[in-house]
Ligand code: PEP
Ligand code: MN
(Lines give C-alpha, C1' and ligand atoms only; values in the text may rest on other atoms or scores of the structure.)
(Ligands and ions follow the chains in the order given, each with its own letter.)
Protein backbone atom coordinates (compact mmCIF):
# COMPACT_ATOMS: atom_id res chain seq x y z
CA UNK A 1 0.00 0.00 0.00
CA UNK A 2 1.27 3.51 -0.65
CA UNK A 3 0.48 6.24 1.84
CA UNK A 4 -0.59 9.55 0.32
CA UNK A 5 2.00 12.24 0.89
CA UNK A 6 1.52 15.84 2.00
CA UNK A 7 4.20 18.48 2.24
CA UNK A 8 5.43 20.47 5.22
CA UNK A 9 6.27 24.14 5.27
CA UNK A 10 9.81 23.35 4.08
CA UNK A 11 8.50 21.25 1.21
CA UNK A 12 9.41 17.84 2.65
CA UNK A 13 6.94 15.06 1.91
CA UNK A 14 5.18 13.34 4.81
CA UNK A 15 2.13 11.10 5.33
CA UNK A 16 0.78 12.90 8.41
CA UNK A 17 -2.42 14.63 7.37
CA UNK A 18 -3.41 15.82 10.83
CA UNK A 19 -0.37 15.33 13.07
CA UNK A 20 2.00 17.35 10.89
CA UNK A 21 3.23 20.70 12.07
CA UNK A 22 0.88 23.29 10.68
CA UNK A 23 2.09 24.57 7.38
CA UNK A 24 3.63 28.01 7.46
CA UNK A 25 2.20 28.91 10.86
CA UNK A 26 4.81 27.15 12.98
CA UNK A 27 1.84 26.44 15.19
CA UNK A 28 1.72 24.14 18.18
CA UNK A 29 -1.16 22.50 19.97
CA UNK A 30 -1.40 23.49 23.63
CA UNK A 31 -3.85 21.29 25.51
CA UNK A 32 -5.73 22.34 28.61
CA UNK A 33 -6.46 19.37 30.88
CA UNK A 34 -8.55 20.60 33.81
CA UNK A 35 -6.56 23.84 33.86
CA UNK A 36 -3.13 22.23 33.37
CA UNK A 37 -1.41 23.14 30.13
CA UNK A 38 0.37 20.53 28.04
CA UNK A 39 2.60 21.95 25.33
CA UNK A 40 3.69 25.47 24.45
CA UNK A 41 5.66 27.18 27.22
CA UNK A 42 4.54 24.73 29.90
CA UNK A 43 6.43 21.83 31.44
CA UNK A 44 4.15 19.24 33.04
CA UNK A 45 5.19 16.65 35.61
CA UNK A 46 2.84 13.68 35.57
CA UNK A 47 3.59 11.48 38.58
CA UNK A 48 2.15 8.57 40.51
CA UNK A 49 2.43 4.84 41.02
CA UNK A 50 2.80 2.32 38.23
CA UNK A 51 -0.31 0.64 39.52
CA UNK A 52 -3.01 1.46 42.03
CA UNK A 53 -2.44 -1.09 44.81
CA UNK A 54 -4.41 0.15 47.80
CA UNK A 55 -6.22 3.19 49.17
CA UNK A 56 -3.32 4.09 51.48
CA UNK A 57 -0.63 3.72 48.79
CA UNK A 58 -2.65 5.70 46.23
CA UNK A 59 -3.65 8.59 48.48
CA UNK A 60 -0.23 8.87 50.11
CA UNK A 61 1.44 9.10 46.70
CA UNK A 62 -1.16 11.57 45.44
CA UNK A 63 -0.61 13.80 48.48
CA UNK A 64 3.18 13.70 48.07
CA UNK A 65 3.25 14.50 44.35
CA UNK A 66 0.61 17.19 44.73
CA UNK A 67 2.63 18.88 47.50
CA UNK A 68 5.69 18.72 45.22
CA UNK A 69 3.84 20.63 42.49
CA UNK A 70 3.04 17.78 40.09
CA UNK A 71 0.66 18.76 37.30
CA UNK A 72 -1.26 15.48 36.89
CA UNK A 73 -1.53 12.16 38.75
CA UNK A 74 -0.84 8.84 37.04
CA UNK A 75 -1.84 5.32 38.13
CA UNK A 76 -2.88 2.15 36.38
CA UNK A 77 -6.08 0.28 37.18
CA UNK A 78 -5.75 -1.97 34.12
CA UNK A 79 -2.15 -3.11 33.70
CA UNK A 80 -0.45 -4.61 30.64
CA UNK A 81 1.77 -7.31 32.21
CA UNK A 82 4.26 -9.48 30.36
CA UNK A 83 3.11 -12.50 32.36
CA UNK A 84 -0.58 -13.44 32.42
CA UNK A 85 0.06 -14.76 35.96
CA UNK A 86 1.22 -11.35 37.25
CA UNK A 87 -1.09 -8.84 38.99
CA UNK A 88 -3.34 -7.34 36.31
CA UNK A 89 -4.56 -4.24 38.18
CA UNK A 90 -7.47 -3.51 40.53
CA UNK A 91 -9.82 -2.66 37.68
CA UNK A 92 -13.01 -0.84 38.75
CA UNK A 93 -11.84 -0.63 42.39
CA UNK A 94 -8.65 1.01 41.11
CA UNK A 95 -10.70 3.57 39.21
CA UNK A 96 -12.66 4.36 42.38
CA UNK A 97 -9.38 4.99 44.25
CA UNK A 98 -8.13 7.23 41.45
CA UNK A 99 -11.27 9.35 41.68
CA UNK A 100 -10.68 9.63 45.43
CA UNK A 101 -7.12 10.82 44.72
CA UNK A 102 -8.52 13.45 42.36
CA UNK A 103 -11.01 14.64 44.99
CA UNK A 104 -8.27 14.83 47.62
CA UNK A 105 -5.69 16.72 45.55
CA UNK A 106 -7.53 18.20 42.57
CA UNK A 107 -4.94 16.61 40.29
CA UNK A 108 -6.32 15.41 36.92
CA UNK A 109 -5.98 11.66 36.38
CA UNK A 110 -3.95 9.84 33.70
CA UNK A 111 -4.77 6.14 33.48
CA UNK A 112 -4.35 3.39 30.91
CA UNK A 113 -7.03 1.88 28.70
CA UNK A 114 -6.27 -1.58 27.33
CA UNK A 115 -9.70 -2.68 26.21
CA UNK A 116 -12.49 -0.65 24.61
CA UNK A 117 -14.98 -2.57 26.79
CA UNK A 118 -13.61 -0.69 29.83
CA UNK A 119 -13.97 2.73 28.22
CA UNK A 120 -17.32 3.63 29.76
CA UNK A 121 -15.99 3.11 33.30
CA UNK A 122 -12.66 4.79 32.49
CA UNK A 123 -14.33 7.87 31.02
CA UNK A 124 -16.00 8.55 34.39
CA UNK A 125 -12.61 8.95 36.08
CA UNK A 126 -9.86 9.62 33.54
CA UNK A 127 -8.91 13.13 32.46
CA UNK A 128 -6.34 11.63 30.08
CA UNK A 129 -6.49 8.11 28.61
CA UNK A 130 -3.10 6.45 28.30
CA UNK A 131 -2.46 4.08 25.42
CA UNK A 132 0.47 1.94 26.52
CA UNK A 133 3.48 1.05 24.41
CA UNK A 134 2.11 -2.45 23.76
CA UNK A 135 -1.11 -1.06 22.33
CA UNK A 136 0.36 1.71 20.19
CA UNK A 137 -0.60 -0.19 17.06
CA UNK A 138 -3.96 -1.49 18.32
CA UNK A 139 -5.79 0.42 15.62
CA UNK A 140 -9.33 -0.45 16.71
CA UNK A 141 -8.55 0.76 20.24
CA UNK A 142 -7.02 3.97 18.84
CA UNK A 143 -10.17 4.57 16.82
CA UNK A 144 -12.36 4.01 19.90
CA UNK A 145 -10.38 6.43 22.08
CA UNK A 146 -10.45 8.89 19.20
CA UNK A 147 -14.25 8.71 19.28
CA UNK A 148 -14.36 8.97 23.08
CA UNK A 149 -13.11 12.54 22.80
CA UNK A 150 -10.87 12.54 25.94
CA UNK A 151 -7.22 13.64 25.72
CA UNK A 152 -4.98 10.69 24.82
CA UNK A 153 -1.41 10.07 26.00
CA UNK A 154 0.04 7.87 23.26
CA UNK A 155 3.19 5.98 24.15
CA UNK A 156 5.72 4.93 21.54
CA UNK A 157 5.75 1.18 20.93
CA UNK A 158 8.70 -0.87 22.19
CA UNK A 159 10.03 -1.31 18.65
CA UNK A 160 8.20 1.44 16.77
CA UNK A 161 9.64 4.10 14.55
CA UNK A 162 8.78 7.78 14.86
CA UNK A 163 6.76 7.47 11.64
CA UNK A 164 4.74 4.57 13.11
CA UNK A 165 4.07 6.61 16.27
CA UNK A 166 2.77 9.54 14.24
CA UNK A 167 0.63 7.26 12.05
CA UNK A 168 -0.92 5.86 15.25
CA UNK A 169 -1.64 9.42 16.39
CA UNK A 170 -3.44 9.90 13.04
CA UNK A 171 -5.88 7.13 14.01
CA UNK A 172 -6.97 9.17 17.05
CA UNK A 173 -6.89 12.53 15.27
CA UNK A 174 -8.93 11.34 12.31
CA UNK A 175 -11.89 10.66 14.65
CA UNK A 176 -11.97 14.38 15.43
CA UNK A 177 -10.03 14.08 18.69
CA UNK A 178 -7.30 16.71 18.52
CA UNK A 179 -6.01 16.16 22.05
CA UNK A 180 -3.08 13.77 21.58
CA UNK A 181 0.12 13.84 23.65
CA UNK A 182 3.05 11.87 22.23
CA UNK A 183 5.30 10.00 24.67
CA UNK A 184 8.83 8.69 24.17
CA UNK A 185 9.34 5.85 26.69
CA UNK A 186 12.40 4.03 25.40
CA UNK A 187 12.81 1.53 22.61
CA UNK A 188 14.41 -1.89 22.21
CA UNK A 189 18.03 -1.86 21.08
CA UNK A 190 20.94 -4.24 21.56
CA UNK A 191 21.80 -2.51 24.85
CA UNK A 192 21.01 -4.46 28.01
CA UNK A 193 22.49 -2.18 30.69
CA UNK A 194 19.08 -0.58 31.20
CA UNK A 195 15.51 -1.61 30.47
CA UNK A 196 15.02 0.30 27.19
CA UNK A 197 17.06 2.89 25.27
CA UNK A 198 15.57 6.34 25.82
CA UNK A 199 15.54 7.98 22.40
CA UNK A 200 15.83 11.64 23.36
CA UNK A 201 16.47 12.67 19.76
CA UNK A 202 12.84 11.71 19.17
CA UNK A 203 11.79 14.82 21.12
CA UNK A 204 13.15 17.51 18.79
CA UNK A 205 12.37 15.33 15.75
CA UNK A 206 8.72 14.88 16.79
CA UNK A 207 8.50 18.61 17.44
CA UNK A 208 9.92 19.31 14.00
CA UNK A 209 7.38 16.97 12.37
CA UNK A 210 4.30 17.55 14.51
CA UNK A 211 2.36 20.25 16.34
CA UNK A 212 1.41 17.82 19.13
CA UNK A 213 2.87 18.06 22.67
CA UNK A 214 5.73 15.63 23.35
CA UNK A 215 6.54 14.18 26.77
CA UNK A 216 9.10 11.64 28.02
CA UNK A 217 8.74 8.63 30.33
CA UNK A 218 12.20 8.10 31.87
CA UNK A 219 10.94 5.48 34.38
CA UNK A 220 10.13 2.70 31.92
CA UNK A 221 13.23 3.42 29.85
CA UNK A 222 15.55 3.36 32.86
CA UNK A 223 14.14 0.40 34.76
CA UNK A 224 15.97 1.61 37.88
CA UNK A 225 15.50 4.72 39.96
CA UNK A 226 19.15 5.92 39.87
CA UNK A 227 18.76 6.72 36.16
CA UNK A 228 15.40 8.48 36.42
CA UNK A 229 16.77 11.82 37.65
CA UNK A 230 19.51 12.25 35.00
CA UNK A 231 17.13 11.14 32.21
CA UNK A 232 14.42 13.50 33.47
CA UNK A 233 16.86 16.42 33.53
CA UNK A 234 17.94 15.53 29.99
CA UNK A 235 14.30 15.30 28.82
CA UNK A 236 13.63 18.76 30.22
CA UNK A 237 16.79 20.17 28.64
CA UNK A 238 16.03 18.69 25.22
CA UNK A 239 12.73 20.58 25.10
CA UNK A 240 10.11 18.04 26.13
CA UNK A 241 6.74 19.42 27.21
CA UNK A 242 6.81 17.25 30.32
CA UNK A 243 7.66 13.93 31.88
CA UNK A 244 5.63 11.04 33.27
CA UNK A 245 7.33 9.31 36.21
CA UNK A 246 6.56 6.51 38.64
CA UNK A 247 6.50 7.29 42.36
CA UNK A 248 5.75 5.03 45.36
CA UNK A 249 5.78 5.62 49.13
CA UNK A 250 7.75 2.38 49.71
CA UNK A 251 9.10 1.18 46.35
CA UNK A 252 10.60 -2.00 47.82
CA UNK A 253 7.06 -3.20 48.55
CA UNK A 254 5.54 -2.14 45.19
CA UNK A 255 3.61 -4.80 43.26
CA UNK A 256 4.91 -3.51 39.96
CA UNK A 257 7.90 -1.44 38.77
CA UNK A 258 9.19 -0.69 42.29
CA UNK A 259 12.81 -0.78 41.14
CA UNK A 260 12.27 2.20 38.88
CA UNK A 261 9.89 4.13 41.16
CA UNK A 262 11.03 7.34 42.82
CA UNK A 263 10.50 7.52 46.59
CA UNK A 264 7.48 9.67 47.42
CA UNK A 265 9.08 11.62 50.26
CA UNK A 266 12.04 12.61 48.04
CA UNK A 267 9.83 13.68 45.15
CA UNK A 268 9.77 17.41 45.98
CA UNK A 269 13.52 17.77 45.52
CA UNK A 270 13.36 15.82 42.25
CA UNK A 271 10.53 17.97 40.86
CA UNK A 272 12.37 21.20 41.72
CA UNK A 273 15.53 20.05 39.93
CA UNK A 274 13.61 19.00 36.82
CA UNK A 275 11.64 22.25 36.68
CA UNK A 276 14.95 24.16 36.96
CA UNK A 277 16.23 22.26 33.90
CA UNK A 278 12.96 22.95 32.08
CA UNK A 279 13.39 26.64 32.87
CA UNK A 280 16.74 26.58 31.06
CA UNK A 281 14.82 25.30 28.02
CA UNK A 282 12.43 28.26 28.36
CA UNK A 283 9.56 26.47 30.11
CA UNK A 284 7.40 27.32 33.09
CA UNK A 285 5.74 24.75 35.40
CA UNK A 286 2.31 23.59 34.27
CA UNK A 287 0.11 24.58 37.19
CA UNK A 288 -3.62 25.21 37.42
CA UNK A 289 -4.76 28.43 35.79
CA UNK A 290 -4.96 31.11 38.45
CA UNK A 291 -2.79 29.23 40.97
CA UNK A 292 -0.54 31.38 43.12
CA UNK A 293 2.48 29.07 43.01
C1 PEP B 1 3.05 2.22 32.44
O2 PEP B 1 2.96 3.43 32.19
O3 PEP B 1 2.93 1.76 33.60
C4 PEP B 1 3.40 1.30 31.34
C5 PEP B 1 3.07 0.01 31.38
O6 PEP B 1 4.08 1.90 30.36
P7 PEP B 1 4.54 1.37 28.90
O8 PEP B 1 3.25 1.09 28.16
O9 PEP B 1 5.31 2.50 28.35
O10 PEP B 1 5.36 0.14 29.12
MN1 MN C 1 5.02 0.82 35.11
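Within the stretch 126-145, which residues are more than 13 Å from the chain's Cα centre (by Cα) and in contact (Cβ under 8 Å) with a residue 40 or more places away in the chain?
134, 135, listed by residue number.
Quick one: count up the residues across the stretch 21-46 that are over 15 Å from residue 179 (Cβ atoms) and modelled with pLDDT of 95 or more.
The qualifying residues number 3.
Can you spot a residue in the stretch 54-66 that is under 22 Å from residue 214 (Cβ atoms) and at pLDDT 95 or above?
Within the stretch 54-66 (the criterion being under 22 Å from residue 214 (Cβ atoms) and at pLDDT 95 or above), the answer is yes, since at least one residue qualifies.
Just to check your reading of the model, which residue among 193, 126, 169 is over 21 Å from residue 17 (Cβ atoms), surrounded by 21 or more Cβ atoms within 10 Å (Cβ to Cβ), modelled with pLDDT of 95 or more and away from ligand 2 (no atom under 16 Å from the Cβ)?
Going through 193, 126, 169 in turn, the sole match is 126.
Does the stretch 245-254 contain any residue that is touching a strand residue (DSSP E or B) at 6+ places or on another chain (Cβ under 7 Å) and assigned to a loop (DSSP other than H, G, I, E, B)?
yes
Please work out which residue is surrounded by the most Cβ atoms within 10 Å (Cβ to Cβ), limiting yourself to the stretch 84-108 and to residues that are within 16 Å of ligand 2 (Cβ to nearest atom) and not in a helix (DSSP H, G or I).
Filtering the stretch 84-108 for residues that are within 16 Å of ligand 2 (Cβ to nearest atom) and not in a helix (DSSP H, G or I), the one surrounded by the most Cβ atoms within 10 Å (Cβ to Cβ) comes out as 89.
For the stretch 257-274, how many residues are surrounded by fewer than 18 Cβ atoms within 10 Å (Cβ to Cβ) and either more than 16 Å from ligand 2 (Cβ to nearest atom) or within 16 Å of residue 217 (Cα to Cα) (or both)?
Counting residues in the stretch 257-274 that are surrounded by fewer than 18 Cβ atoms within 10 Å (Cβ to Cβ) and either more than 16 Å from ligand 2 (Cβ to nearest atom) or within 16 Å of residue 217 (Cα to Cα) (or both) gives 8.
Residue under question is residue 71, and the condition is that it be surrounded by fewer than 24 Cβ atoms within 10 Å (Cβ to Cβ), touching a residue at least 12 places away in the same chain (Cβ under 8 Å) and either closer than 15 Å to residue 267 by Cβ or more than 14 Å from ligand 1 (Cβ to nearest atom) (or both); does it hold?
So residue 71 fails the test.
Within the stretch 212-223, is even one residue assigned to a helix (DSSP H, G or I), in contact (Cβ under 8 Å) with a residue 40 or more places away in the chain and over 18 Å from the mean Cα position of the chain (by Cα)?
No, the stretch 212-223 contains no residue that is assigned to a helix (DSSP H, G or I), in contact (Cβ under 8 Å) with a residue 40 or more places away in the chain and over 18 Å from the mean Cα position of the chain (by Cα).
Out of all the residues in the stretch 33-55, which are more than 13 Å from ligand 2 (Cβ to nearest atom) and without any contact (Cβ under 8 Å) to a residue 60 or more places away in the chain?
54, 55
Does residue 76 qualify as being within 15 Å of ligand 1 (Cβ to nearest atom) and on the phi > 0 side of the Ramachandran plot?
Against the criterion (within 15 Å of ligand 1 (Cβ to nearest atom) and on the phi > 0 side of the Ramachandran plot), residue 76 does not qualify.
The values are calculated or read from the model by the stated rules, or taken from the named source; none is laboratory data. Note that the structure is a prediction, hence the values are computed from the model and not measured. Ideal geometry is used to build each Cβ from the backbone, glycine not excepted, and the neighbour counts take in all protein chains shown.
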